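Everything below concerns the one structure shown next.
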Amino acid sequence: MSTSLQLLINILIQTTLLGLVAAGFSIFYAVSRVQHLAIGASVSVAGYLFFTLIGTGLNLPLAGLLAIAAAVAVGLLCNAFIYERLQRRRWFSSLVALVSSVMLLLIFQSILLISFGSQPKTIPLPAAERVFNLGGASITLLQAITIPLGLALLAGFALYLKYSKLGVAI
């Protein structure tokens, strides 16, 4: 039973995080009609920036906000300097956009690999060290926060898209 519960908790955490990334894919595609596979690079840039800012001693909330702003900026810059320019070309197609997106992803991955190396990076967070046992399954405080926060963000995002003027226009 404890293995099944642990598996369920792990699946919930990963599904919540992937749902947030999928929402990013969806909104980018809805606005630009481009399959922006390099959104993974935007998320990675945010993660490595967060790691770097925490390493310099910046507080968690400010580092998080700056990392989110960096991810948004990377997406907007990719759209402005690559996708919008390509869309003005007569020979533009969804295949050209897809290849460009893969190219951007590879470029960002290479830059991050050169800059930070291939070893996993960890950020020492007190919430990650506190572990709770639930029916034989272990969950950290950070993981326990991730599930409801991620679900709340997804619900808020869905409500925003359904009821806001901008969301309905998208």
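A few comments on the model shown:
- Take the Cβ atoms of VAL72 and PHE92, set R0 to 30 Å, and the FRET efficiency comes out at 0.80.
- At R0 = 25 Å, FRET efficiency that the Cβ-Cβ distance of PHE132 and MET103 yields, to 0.05: 0.05
- Segment 59-152 - percent of accessible surface contributed by carbon and sulfur, probe 1.4 Å: 70
- For trypsin sites (Lys or Arg not before Pro), the sites in segment 56-119 that DSSP calls loop and that have at most 14 other Cβ atoms within 10 Å are ARG88, ARG89, ARG90.
- Percent of Cα-Cα distances greater than 24 Å, calculated over the chain: 49
- Averaged per residue, segment 72-137 has 73 square angstrom of accessible surface, using a 1.4 angstrom probe with ligands and nucleic acids left out.
- Listed values for segment 49-56 are Karplus-derived 3J(HN,Hα) couplings in whole Hz (6.51 cos²θ - 1.76 cosθ + 1.60, θ = phi - 60°), namely 5, 4, 4, 5, 5, 5, x, 7, and x replaces Gly and Pro.
- Averaged over its residues, segment 1-50 has an accessible area of 56 Å² per residue, based on protein heavy atoms and a 1.4 Å probe.
- Karplus (6.51, -1.76, 1.60) ³J(HN,Hα), θ = phi - 60°, over segment 87-100, in Hz, Gly and Pro reported as x: 5, 6, 7, 5, 8, 5, 8, 5, 5, 4, 5, 5, 5, 5
- By the helix-only formula, in which each DSSP H run with n ≥ 4 contributes -39500 (n - 2.57) and the sum is divided by residues, the chain has a 222 nm mean residue ellipticity of -24500 deg cm²/dmol.
- Its Kirkwood hydrodynamic radius, worked out from the mean inverse distance over all distinct Cα pairs, puts segment 1-73 at 14.0 Å.
- Theoretical gain in end-to-end length, LYS162 to LYS121 [0.36 nm per residue, Cα-Cα removed]: 11.0 nm
- Charged neighbours of SER100, selected by a Cβ distance under 15 Å, balance to +3 (K, R count +1; D, E count -1).
- As a ratio to 2.2 N^0.38 Å, the alpha-carbon radius of gyration for segment 77-170 is 1.67.
The values are calculated or read from the model by the stated rules, or taken from the named source; none is laboratory data. This one's a predicted model, so the numbers in the text were calculated from it and none came from an experiment. In this analysis, Cβ positions are derived from the backbone assuming ideal geometry, glycine residues included, and neighbour counts consider all displayed protein chains. Surface accessibility is based on the protein's heavy atoms, side chains included, excluding ligands, DNA and RNA. Shrake-Rupley method; radii C 1.70, N 1.55, O 1.52, S 1.80 Å.
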